[in-house]
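Some notes on the structure that comes next.
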Amino acid sequence: MNPSIVCLTGATATGKSAATLALAQRWPIEIITMDSATIYRGMDIGTAKPSAAEQLRVRHHLLDIRDPSETYSAAAFRQDALALIADITARNHFPLICGGTLLYYKALREGLDDLPQADAALRDEIARQAAERGWPAMHRQLAQRDPATARRLSPNDSQRIQRALEVCHLTGQSLSSLLARQHRQTAAEHHHITISLEPSARSALHTRIERRFRAMMAHGLLDEVAALHARPDLHPGLPSMRCVGYRQLWTHLDGQATLDAAADQAIAATRRLAKHQLTWLRTLPERHIIDCTSPDAIDRVVDTMALLQP
């Protein structure tokens with residue numbers, strides 16, 4: 001039998017990093033970071049990346065593995081995570097998946113659909129058309145070719161609209177029809193156990209989110225974004241620059257919003273992200289839920305881990 005793999009997940013600002021440090025005091029764990037923002041070098045404050053001291057206390061993997069000009073995918077995460085799981089267990093350590101990018105977790109648990117690989121030239125052409133017409137117009141184009149996919153996407157969800165149109169062009173079929181027909185691979189290599197930090201009261205999480213963002217600003221987040229903004233190879237369309245906080249402060253640096261307005265927009269966007277994460281977590285009924293607002297939340301994470309991984 002292959003080992004069970006524990007994932008400590010939850011919405012943003014629920015205390016996952018603090019819980020991992022407590023776990024590392026008791027077990028020889030290594031963290032496989034499941035986060036689509038902390039993968040980027042030079043994006044430390046706004047992503048709440050573990051500090052150098054925290055990384056010395058417990059080994060973290062998949063931090064700082066991409067430049068902000070580069071991309072990373074759920075498929076790449078799955079490949080990297082499976083290799084790391086094998087490597088960590090071979091050293092008689094416990095791999096702990098930790099993070100809130102649940103698309104990555106879905107790819108790890110369920111496998112990936114056999115869809116065509118990205119076509120750089122085609123993507124550039126779609127992006128060119130979007131620059132001329134706007135992404136809502138591209139969304140209307142998608143609605144004509146793939147109504148089911150268009151219904152579940154926001155008219156400004158540029159990344160997913162681009163991918164759906166790309167699949168239509170490459171295959172002559174809609175993304176929704178391909179997904180309906182294809183047999184999804186299964187990630188049968190391991191049994192996955194999910195520990196989820198979630199708030200009993202959404203308002204308490206909202207307060208945490210605002211407090212954390214204000215602290216990030218006090219620790220130099222605007223300067224961090226300004227350094228990225230000064231790079232000629234970076235722009236708001238990149239996945240890295242679409243991360244919450246970075247996107248909103250970028251608009252301030254472009255002169256499109258006051259700093260106070262950009263900060264308020266960043267806090268609102270982070271709250272929407274948390275809502276999305278909590279909605280997705282509810283699709284995992286077997287998860288072990290721990291109230292992140294409870295004073296003994298970290299102790300309860302440790303106790304739950306002890307039951308699962310003695």
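The values are calculated or read from the model by the stated rules, or taken from the named source; none is laboratory data. For clarity, every value in this text was computed on a predicted model and none was experimentally measured. Methodologically, a virtual Cβ is constructed for each residue, glycine included, from the backbone with ideal geometry; neighbour enumeration extends over all protein chains shown.
Looking at Arg78, Arg109, which one is assigned to a helix (DSSP H, G or I), surrounded by 13 or more Cβ atoms within 10 Å (Cβ to Cβ) and at pLDDT below 90?
Arg109
Can you tell me how many residues in the range 51-74 are of a type in the set (S, T, N, Q) and without any contact (Cβ under 8 Å) to a residue 12 or more places away in the chain?
Matching residues across the range 51-74 total 3.
Table: residues versus (1) among the charged types (D, E, K, R); (2) modelled with pLDDT of 95 or more.
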residue	(1), (2)
Ala22	no, yes
Asp35	yes, yes
Arg66	yes, yes
Tyr72	no, no
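Which pairs do you get when a residue that is within 16 Å of Met216 (Cβ to Cβ), found in the range 246-265, comes within reach of a residue that is of a type in the set (Asp, Glu) and part of a helix (DSSP H, G or I), reach meaning Cβ atoms under 9 angstrom, with the pair 6+ apart or on two chains?
Matching pairs, first to second residue: Tyr246/Glu224; Gln248/Asp264; Leu249/Glu224.
Being more than 30 Å from Ile5 (Cα to Cα) and not aromatic (Phe, Trp, Tyr): is that true of Ala306 here?
no
Filter the range 81-103 for residues that are surrounded by 16 or more Cβ atoms within 10 Å (Cβ to Cβ), assigned to a helix (DSSP H, G or I) and in contact with a strand residue (DSSP E or B) (Cβ under 9 Å, 6 or more places away or on another chain) and give the result.
If the condition is that a residue be surrounded by 16 or more Cβ atoms within 10 Å (Cβ to Cβ), assigned to a helix (DSSP H, G or I) and in contact with a strand residue (DSSP E or B) (Cβ under 9 Å, 6 or more places away or on another chain), then Ala81, Leu84, Ile85, Ile88, Thr89, Leu102 are the ones that fit.
Among the numbered criteria (1) under 22 Å from Thr20 (Cα atoms); (2) buried (at least 19 other Cβ atoms within 10 Å of the Cβ); (3) out of contact with any strand residue (DSSP E or B) (no Cβ under 9 Å at 6 or more places or on another chain), which one does Trp280 miss?
Among (1) under 22 Å from Thr20 (Cα atoms); (2) buried (at least 19 other Cβ atoms within 10 Å of the Cβ); (3) out of contact with any strand residue (DSSP E or B) (no Cβ under 9 Å at 6 or more places or on another chain), the lone unmet condition for Trp280 is (2).
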